[in-house]
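Asker: This is the structure I have questions about; it appears just below.
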Amino acid sequence: MSHLEKVFETTDLLLRTEHSLCPGCGEPVALRTILELIGELGLRERTICVAGIGCYTAFPMIMDVDVLQALHGRAPSVATGVKRVRPDAFVFTMQGDGDMVSEGLQEVLHAAARGEKFTAVVFNNAVFGETGGHMTATTVLGQHTKTTIGGRDRERHGNPIRIAELIAQLDGSAYVARAAVHTPSGIKLARQYLHDAFRTQLDGKGFSLVEILTMCPTDWFVPPDQGPAFLERNLVPIYPLGVIKH
Ligand SMILES: Cc1ncc(C[n+]2csc(CCOP(=O)(O)OP(=O)(O)O)c2C)c(N)n1
Ligand code: SF4
Ligand SMILES: [Mg+2]
């Protein structure tokens with residue numbers, strides 16, 4: 001094991017520290033936080049992740065927990081089936097804003113309204129990252145993407161959707177929070193919110209969702225080290241961090 005691996009090794013549920021995502025991407029940070037918690041809560045043998053399709057679809061290769069691959073946007077329905085058949089399992093979905101909010105919005109709304117007892121995790125980077133950076137339903141007004149070259153325009157493209165607030169309105173949701181992984185204190189809060197969402201599921205209280213704002217420097221057209229500042233400046237004002245429902 002190299003010195004670098006020792007420094008970054010925080011959980012043996014992460015099989016390797018190398019990944020195929022871009023430098024400065026926020027999704028690997030979010031993944032590590034999730035896996036650390038699963039290890040600490042002793043959920044390793046009981047965990048089933050249902051993955052959507054986006055850059056994070058590369059993660060099952062480096063996660064030492066069971067993963068089912070869902071079609072675009074359909075992870076909440078697959079997770080519903082898994083949790084109903086295996087109520088003893090710890091089930092979480094891993095989706096992006098494109099997958100959850102653009103492609104599969106009805107899936108997550110209905111799962112939340114039904115009060116399905118799994119945890120939905122959504123990495124919101126406000127773009128379809130994997131396919132080259134097109135606008136999603138969460139792209140903020142003024143944001144430049146491959147399909148909103150002049151910036152997202154309210155008249156032409158509509159307003160962004162705040163998925164966490166939407167889910168919080170539904171009676172079946174028991175815990176909803178929004179975090180970000182662009183600063184050390186942000187990661188600490190993300191960890192706390194994920195912990196509380198996981199506990200909600202373990203206590204059988206209903207549907208839980210944690211939205212995690214993640215950096216996508218590649219499709220924000222900024223250098224990797226500018227990602228956190230871009231997130232703070234452009235995403236946090238539209239998507240305020242904190243617990244929305246508990
Ligand atoms: C050319 C092309 N168009 C569309 C798709 C379908 N597709 C796969 S991943 C993806 C983007 C998912 O975006 P998101 O869930 O936000 O994840 P991110 O990549 O941003 O992490 C889309 C649209 C595809 N695979 N290839
Ligand atoms: S395109 Fe964006 S979300 Fe995808 S790996 Fe690169 S930085 Fe991460
Ligand atoms: Mg995305």
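The values are calculated or read from the model by the stated rules, or taken from the named source; none is laboratory data. Being a predicted model, the structure only gives us computed values, none of them experimental. FYI the Cβ positions are ideal-geometry reconstructions off the backbone, even for glycines, and counts take in every protein chain you see. Each accessible area value is taken on the protein alone, full model and side chains, heavy atoms only, with ligands, DNA and RNA left out. Shrake-Rupley method; radii C 1.70, N 1.55, O 1.52, S 1.80 Å.
Asker: Could you check the simple spin-label distance between GLN69 and ARG86, using points 7 Å along Cα→Cβ, in nm with one decimal?
Answerer: 1.8 nm
Asker: I'd like to compare 221-228, 206-213: which one has the highest average count of other Cβ atoms within 10 Å, and what's the full order after that? Walk me through the numbers before you get to the answer.
Answerer: Numbers: 221-228: 15.0, 206-213: 27.1.
Averaged packing, sorted descending, gives the order 206-213, 221-228.
Asker: Hey, another quick one. Where does each of ILE62, ILE238 land when they are ordered by accessible area, with a 1.4 Å probe and the largest first? Display every interim value, and only then the final one.
Answerer: Numbers: ILE62 10, ILE238 50 Å².
I get ILE238, ILE62, largest accessible area first.
Asker: Something else now. Which shape class applies to the range 70-157: rounded if a/c is under 1.5, otherwise prolate when a/b exceeds b/c and oblate if not, where a ≥ b ≥ c are the square roots of the Cα gyration tensor eigenvalues? List each step's numbers first, then the result.
Answerer: On the way: a/c = 3.41, a/b = 2.58, b/c = 1.32.
Cα axes put the range 70-157 in the prolate bin.
Asker: Find the Cα radius of gyration of the range 152-246, compare it with 2.2 N^0.38 Å by division, and give the number to two decimals. Don't jump to the answer; show the numbers that get you there.
Answerer: On the way: Rg = 14.8 Å, N = 95, 2.2 N^0.38 = 12.4 Å.
Rounded to two decimals, the normalised Rg is 1.20.
Asker: Right, here's the next one. Could you work out what % of the accessible surface of the range 3-245 is carbon and sulfur, using a 1.4 angstrom probe and leaving DNA, RNA and ligands out of the count?
Answerer: Details: 5750 of 10480 Å².
Roughly 55 percent of what the probe reaches on the range 3-245 is carbon or sulfur.
Asker: Here's another thing I want to ask about it. Describe numerically, in nm with one decimal, the distance between label points set 7 Å from Cα along Cα→Cβ at THR10 and at ALA58.
Answerer: Label-label distance for THR10 and ALA58, simple model: 1.9 nm.
Asker: Can you list the aspartates and glutamates whose alpha carbon sits under 18 Å from that of LYS83, skipping same-chain ones fewer than 8 residues off?
Answerer: By straight Cα distance, LYS83 reaches GLU45, ASP66, GLU107, GLU116, ASP203.
Asker: If R0 is 45 Å, what FRET efficiency do you get for GLU40 and HIS110 from their C-beta distance, rounded to 0.05?
Answerer: Details: r = 32 Å, r/R0 = 0.70.
Working from the Cβ atoms, E equals 0.90.
Asker: Right, here's the next one. Want the number for GLN192 to VAL222: 0.36 nm per residue separation, take away the alpha-carbon distance, what's left? Let's see the in-between values first.
Answerer: Numbers: separation 30, 0.36 × 30 = 10.80 nm, distance 2.91 nm.
Taking 0.36 nm per residue and subtracting the Cα distance, the gain is 7.9 nm.
Asker: Charges at C-beta only: +1 for Lys and Arg, -1 for Asp and Glu. How large is the resulting dipole of the range 30-88 about its Cα centre, in Debye rounded to 20? Mind dumping the intermediate values first?
Answerer: Details: 7 positive and 6 negative charges, 56 e Å.
Result for the range 30-88 is approximately 280 debye, rounded to the nearest 20.
Asker: Where a ≥ b ≥ c are the square roots of the eigenvalues of the C-alpha gyration tensor, would you call the chain rounded, which needs a/c under 1.5, or, failing that, prolate if a/b is larger than b/c, or oblate? Write down the numbers at each step before the final one.
Answerer: On the way: a/c = 1.64, a/b = 1.14, b/c = 1.44.
Because a/c hits 1.5 or more and a/b fails to exceed b/c, the chain counts as oblate.
Asker: Here is a follow-up. Dipole of the chain (Lys/Arg Cβ +1, Asp/Glu Cβ -1, origin at the Cα centre): which of ILE161, TYR56, PHE123 lies farthest to the positive side?
Answerer: ILE161
Asker: Compare GLU165, GLU18, GLU27 by solvent-accessible area with a 1.4 Å probe and give them largest first, with all protein chains kept in place.
Answerer: Details: GLU165 55, GLU18 95, GLU27 5 Å².
Ranked list, largest accessible area first: GLU18, GLU165, GLU27.
Asker: Moving on to the next point. Using 0.36 nm times the number of residues separating LEU141 and GLU155, minus their current alpha carbon distance, what extension gain do you get?
Answerer: Gain on extension, LEU141 to GLU155, equals 4.0 nm.
Asker: Might you tell me the accessible area per residue for the chain, computed with a 1.4 Å probe and given in Å²?
Answerer: On the way: 10850 Å² over 246 residues.
Spelled out: the 1.4 Å probe surface of the chain, per residue, equals 44 Å².
Asker: Applying 1/(1 + (r/R0)^6) with R0 = 45 Å to the Cβ-Cβ distance of LEU202 and ILE238, what FRET efficiency is obtained, to the nearest 0.05?
Answerer: 0.90
Asker: Out of all DSSP beta bridges in the chain, what portion is antiparallel? Express it as a percent rounded to 5.
Answerer: Numbers: 7 of 34 bridges.
That works out to approximately 20 percent antiparallel.
Asker: A further question follows. To the nearest 20 Debye, how big is the dipole of the chain about its Cα centre, given +1 on the beta carbon of each Lys and Arg and -1 on that of each Asp and Glu? If you can, show how the numbers build up before the last one.
Answerer: Details: 23 positive and 27 negative charges, 102 e Å.
Result for the chain is approximately 500 debye, rounded to the nearest 20.
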